[in-house]
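Please read the structure below before turning to the comments.
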2 protein chains.
Amino acid sequence: MDLHDLIAALPDGTVLTDADLLASYRQDWARDPDAGTALAVVRATSTDDVSATLRWATAHRVPVIPRGAGSGLSGGATAVDGAIVLTTERMRDITVDPVTRTAVVQPGLLNAEVKRAVAEHGLWYPPDPSSFEICSIGGNAATNAGGLCCVKYGVTTDYVLGMQVALADGTVVRLGGPRLKDSAGLSLTKLFVGSEGTLGVITELTLRLLPAQPPQSTVVASFPTLTAATEAILTITGELRPSMLEFMDSVSINAVEDELRMGLDRQAAALLVARSDAPGEFARREAEIMAAACEKAGATEVFHTEDPAEGEAFAAARRLAIPAVEKLGPLLLEDVGVPLPRLGDLVSGVAEIAERNAVTVSVIAHAGDGNTHPLIVHDPSDADLTERAHRAFGEIMDLAIALGGTITGEHGVGRLKKAWLPDQLGPDVMALTRRIKDALDPDGILNPGAIL
Amino acid sequence: MDLHDLIAALPDGTVLTDADLLASYRQDWARDPDAGTALAVVRATSTDDVSATLRWATAHRVPVIPRGAGSGLSGGATAVDGAIVLTTERMRDITVDPVTRTAVVQPGLLNAEVKRAVAEHGLWYPPDPSSFEICSIGGNAATNAGGLCCVKYGVTTDYVLGMQVALADGTVVRLGGPRLKDSAGLSLTKLFVGSEGTLGVITELTLRLLPAQPPQSTVVASFPTLTAATEAILTITGELRPSMLEFMDSVSINAVEDELRMGLDRQAAALLVARSDAPGEFARREAEIMAAACEKAGATEVFHTEDPAEGEAFAAARRLAIPAVEKLGPLLLEDVGVPLPRLGDLVSGVAEIAERNAVTVSVIAHAGDGNTHPLIVHDPSDADLTERAHRAFGEIMDLAIALGGTITGEHGVGRLKKAWLPDQLGPDVMALTRRIKDALDPDGILNPGAIL
């Protein structure tokens, strides 16, 4: 493929073909061993760059793999042989409007950078994937990312009021805007959120912001059994809306404790970290209600703090769980969710799957919203273990579907989970998805192999 | 057209062709004088009925006008000659699940009935169109309806987690479910919300619920000028998130006072009704902040109450504004929204348009989110006045677009506003809309003439 026209259409240094660099853009954090190698990486600096790249790609029928920070866990940004990897990591502008409580951001800004920029205006962008320090806001929108606060504050789509998006043929459209209410035409903004780069490339987002989050009270509780922990979760969510309600199992508790030495109870079967951000003394009152629920469910130890920094240390410990467990070996990362009453069934079912396949599966969860991350430890040099790990990976998704849940709560389908998507959605919804994909990307150049 | 197959496919009494009845289903509350007359009205009792009707309509290329309670204000349910009006008003089941804080509801239930049913479980469905006692939840989803609490709690789409929807050819699909987080596949649920019956017919909704709303504190303030009122609005929204922030102008104040005799200040240029539902004494504190903002902006009278019933009386007065102003004459109902900082420009611009066209325009507004309802009084027996009213109707939408706003914040485009939609969205977004419409409704039988 002749890249001359593309190179000529873009600013100097935007199109890169160096072999080492191409190699570094082959995979995202899903580390898909089947990743291909791109023809070139385009590091766009503007909407125009994105548009020109797509125009060229359509003209030459070259696949385009849109990429944010490359921190995706489902292989949504895995390179394909002969494709262009189109990264928005250099598009990093942000404008905050405190009056409308909105921010206009480019996709390459990290989630944490968005949070910091709006905090300077006393505002808050709630969605908080555990990877918030390294994941991009564009990737968050593309996967409809979640996080820890979603149990109370919802997911990315709830904060996207508008966007600029470049379509497959390079046409750039502006959808929605800084308005809480807008019923003019189809809900196109929301369609592009979660579309994982298969319908267009987001080049700008208009985000809804909230006033700064009040200081949180924090409860940490250790449980002797998984049943006791899930009972506490259901009691808590039935009585109030925590601002965070996180679950760690024994494997992850010990992995995190190995890293942090912060005094977590290594004997516990499960640990809950629950927080409240209700105003003033209501945070403490809600924390007391949550602590009482944990005690009633049989917690062996319940710790309660009003100190935001101390509470944040436990939230950070929970966020560290994935990298900590990863020290045990490479992980197959699950992201299955179930309706909350089935959480106990999911957790016990995962334990059975782990035992049956003789693999280690650590479960951490955004327990309050039923979204769990079973982490399957494997070893690429052990073919038999790897096969068992992959079998467990599929069985966990089968289980989630059987429990009325989803194969992915917040990571997206990408390439790793797409084989299971028809089992969840069924043939009619897959056909509907295909009709929309074909209408918006008739040549199939946008992120081929992701979702569909 | 031979209706025999349709009648045979549906339960007895579902297909109605009585002339009086057909006449009563010609219009919705937009009272479009150009409404046609349907071939038949299908009063569906189940998803199967809806599916069978669409299957028949596709086979015979007969247009279908989906209809909820018929309370729409943009003519989204206006009948078309030779069409089937497909009403979901008899589909009225609801199941509330307090554990997942969700409700599964059929589309014919009224918004108020949903609120009451979930309140029995200590739960709350926030979206609250002023018409909540007479509008259906299916219609709310079809128009992405808003209301008074949206300034703090968002709009209908923020509460729709899943749905069952019948597609143009009668295929029934289930999308989403009782899960706060779900990134599996395209965001199809959200695409159908706000699609005004042009992509499918919603036969069931899974709604997200919140814990019961705490008691609200209420501030009512009278202002000598529109400028003073808009200044207060911007100060209030900059300092906190009210649970309601409503605006009435002089015409609507007097029209409501004529009805209710509750002692509203007839001399005022504007009235604000602001509420806080922060927990415990924080509601009073927020009300004090809002009252102080009103006083600082020059309010002539500021009233403040902790009594929920007394506060609700003022909210009800605001909700009565449209029917009260309607006593002055038939109304052309606007629904334009602007980014909040442009609210003053919109209100003063509407006054200029009214003067230039020599028509009475009363402005009421969900001021906190920039969504306004200019009410244009006309008289169908006065051709010249009617023409001027229609000109003002268009000019107000032109103004909203020029101010970076929307032609409809919560009512939908329907048939009344579709001529202005291309001006707001532009040709590329219209083309994108058309591609999705054609992909999902290739024969164009679903609500033809609405939106597109």
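The values are calculated or read from the model by the stated rules, or taken from the named source; none is laboratory data. Keep in mind that this is a model prediction, so the values were computed, not measured. We place every Cβ from the backbone using ideal geometry, glycine too, and count neighbours over all the protein chains shown. Ligands, DNA and RNA are excluded from the accessible area calculation, which covers all protein heavy atoms including side chains. Shrake-Rupley method; radii C 1.70, N 1.55, O 1.52, S 1.80 Å.
For the reader, a short list of remarks on this structure follows.
- Identity of the residue in the range A:431-452, open to solvent by 30 Å² or more (accessible area, probe 1.4 Å) and assigned to a helix (DSSP H, G or I), that ends up nearest to the other protein chains (Cβ to nearest Cβ): A:Arg435
- Residues in the range A:357-396 that are more than 16 Å from the chain's Cα centre (by Cα) and either polar (S, T, N, Q) or assigned to a strand (DSSP E or B) (or both): A:Asn357, A:Thr360, A:Val361, A:Ser362, A:Val363, A:Ile376, A:Val377, A:Ser381, A:Thr386.
- Annotation: B:Val80 fulfils all but one of (1) closer than 30 Å to A:Leu73 by Cβ; (2) among the hydrophobic types (A, V, I, L, M, F, W, C); (3) more than 11 Å from chain A (Cβ to nearest Cβ); (4) surrounded by fewer than 24 Cβ atoms within 10 Å (Cβ to Cβ); the unmet one is (1).
- Looking only at the range B:84-100, and only at residues there that are touching a helix residue (DSSP H, G or I) at 6+ places or on another chain (Cβ under 7 Å) and open to solvent by less than 50 Å² (accessible area, probe 1.4 Å), the one that is nearest to the other protein chains (Cβ to nearest Cβ): B:Thr100
- Residue check for B:Phe282: open to solvent by 10 Å² or more (accessible area, probe 1.4 Å), closer than 15 Å to B:Phe247 by Cα and either touching a Gly at 6+ places or on another chain (Cβ under 6 Å) or in the same structural domain as B:Ala270 (by the TED database) (or both): no
- Of all residues in the range A:320-335, those that are within 16 Å of A:Ala255 (Cα to Cα), surrounded by 21 or more Cβ atoms within 10 Å (Cβ to Cβ) and not β-branched (Val, Ile, Thr) total 3.
- Among the residues examined, B:Asp158 does not qualify as among the acidic types (Asp, Glu) and crowded, with 24+ Cβ neighbours inside 10 Å.
- Checking the stated criteria, B:Leu207 turns out to be at negative phi and buried (at least 24 other Cβ atoms within 10 Å of the Cβ).
- Residues located in the range A:100-137, provided they are charged (D, E, K, R) and within 18 Å of A:Leu210 (Cβ to Cβ): A:Arg101, A:Glu113, A:Lys115, A:Arg116, A:Glu120, A:Asp128
- Which listed residue is surrounded by fewer than 24 Cβ atoms within 10 Å (Cβ to Cβ), aliphatic (A, V, I, L, M) and over 24 Å from B:Ala184 (Cβ atoms), from A:Ala166, A:Ala103, A:Ala119: A:Ala119
- Single residue of B:Val172, B:Val160, B:Val151 found to be hydrophobic (A, V, I, L, M, F, W, C), touching a residue at least 24 places away in the same chain (Cβ under 8 Å), in contact with a helix residue (DSSP H, G or I) (Cβ under 8 Å, 6 or more places away or on another chain) and under 19 Å from A:Thr189 (Cβ atoms): B:Val160
- The set of residues in the range A:1-36 being open to solvent by 60 Å² or more (accessible area, probe 1.4 Å), closer than 18 Å to A:His60 by Cα and either assigned to a loop (DSSP other than H, G, I, E, B) or not hydrophobic (A, V, I, L, M, F, W, C) (or both) consists of A:Met1, A:Asp2, A:His4, A:Asp5, A:Thr17.
- Conditions (1) crowded, with 22+ Cβ neighbours inside 10 Å; (2) more than 14 Å from chain A (Cβ to nearest Cβ); number of the one not met by B:Asp382: (1)
This table checks each residue for (1) within 24 Å of A:Phe132 (Cα to Cα); (2) among the small types (Gly, Ala, Ser); (3) at pLDDT below 95.
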residue	(1), (2), (3)
A:Thr17	no, no, no
A:Arg26	yes, no, no
A:Pro33	no, no, yes
A:Gly36	no, yes, no
A:Ser51	no, yes, no
A:Ala57	no, yes, no
A:Pro66	yes, no, no
A:Gly70	yes, yes, no
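- Selection count where residues are part of a helix (DSSP H, G or I) and either hydrophobic (A, V, I, L, M, F, W, C) or under 11 Å from B:Ala317 (Cα atoms) (or both), scope the range B:227-253: 9
- Residue match in the range B:340-356 (condition: part of a strand (DSSP E or B) and either under 24 Å from A:Gly185 (Cβ atoms) or at pLDDT below 95 (or both)): no
- Candidates A:Ala145, A:Ala141 - the one that is in a helix (DSSP H, G or I) and within 14 Å of chain B (Cβ to nearest Cβ): A:Ala141
- Residue in the range B:299-310 that is outside any loop (DSSP other than H, G, I, E, B), crowded, with 24+ Cβ neighbours inside 10 Å and touching a residue at least 24 places away in the same chain (Cβ under 8 Å) present: no
- Across the range B:104-115, not a single residue is classified as of a type in the set (D, E, K, R), assigned to a loop (DSSP other than H, G, I, E, B) and more than 10 Å from chain A (Cβ to nearest Cβ).
Here is a yes/no grid of residues against (1) in contact (Cβ under 8 Å) with a residue 60 or more places away in the chain; (2) more than 19 Å from A:Ile445 (Cβ to Cβ):
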{"residue": "A:Asp18", "(1), (2)": "no, yes"}
{"residue": "A:Gly36", "(1), (2)": "no, no"}
{"residue": "A:Val41", "(1), (2)": "no, no"}
{"residue": "A:Thr45", "(1), (2)": "no, yes"}
{"residue": "A:Asp48", "(1), (2)": "no, no"}
{"residue": "A:Leu54", "(1), (2)": "yes, no"}
{"residue": "A:His60", "(1), (2)": "no, no"}
{"residue": "A:Gly68", "(1), (2)": "yes, no"}
{"residue": "A:Ser74", "(1), (2)": "yes, yes"}
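- Scope the range A:56-100; condition among the acidic types (Asp, Glu) and in a loop (DSSP other than H, G, I, E, B); matching residues: A:Asp81, A:Glu89, A:Asp93
- Screening the range B:169-195 for residues that are more than 8 Å from every other protein chain (Cβ to nearest Cβ) and open to solvent by 10 Å² or more (accessible area, probe 1.4 Å) and picking the one that is nearest to B:Gly108 (Cα to Cα) gives B:Thr189.
- Meets criteria (among the hydrophobic types (A, V, I, L, M, F, W, C), crowded, with 24+ Cβ neighbours inside 10 Å and either more than 8 Å from chain B (Cβ to nearest Cβ) or under 21 Å from the mean Cα position of the chain (by Cα) (or both)) for A:Leu421: no
- Among the residues of the range A:394-418, those identified as more than 9 Å from chain B (Cβ to nearest Cβ) and open to solvent by 10 Å² or more (accessible area, probe 1.4 Å) are A:Glu395, A:Asp398, A:Leu399, A:Ile401, A:Ala402, A:Leu403, A:Arg415, A:Leu416, A:Lys418.
- Residue match in the range A:259-273 (condition: open to solvent by 10 Å² or more (accessible area, probe 1.4 Å) and of a type in the set (Val, Ile, Thr)): no
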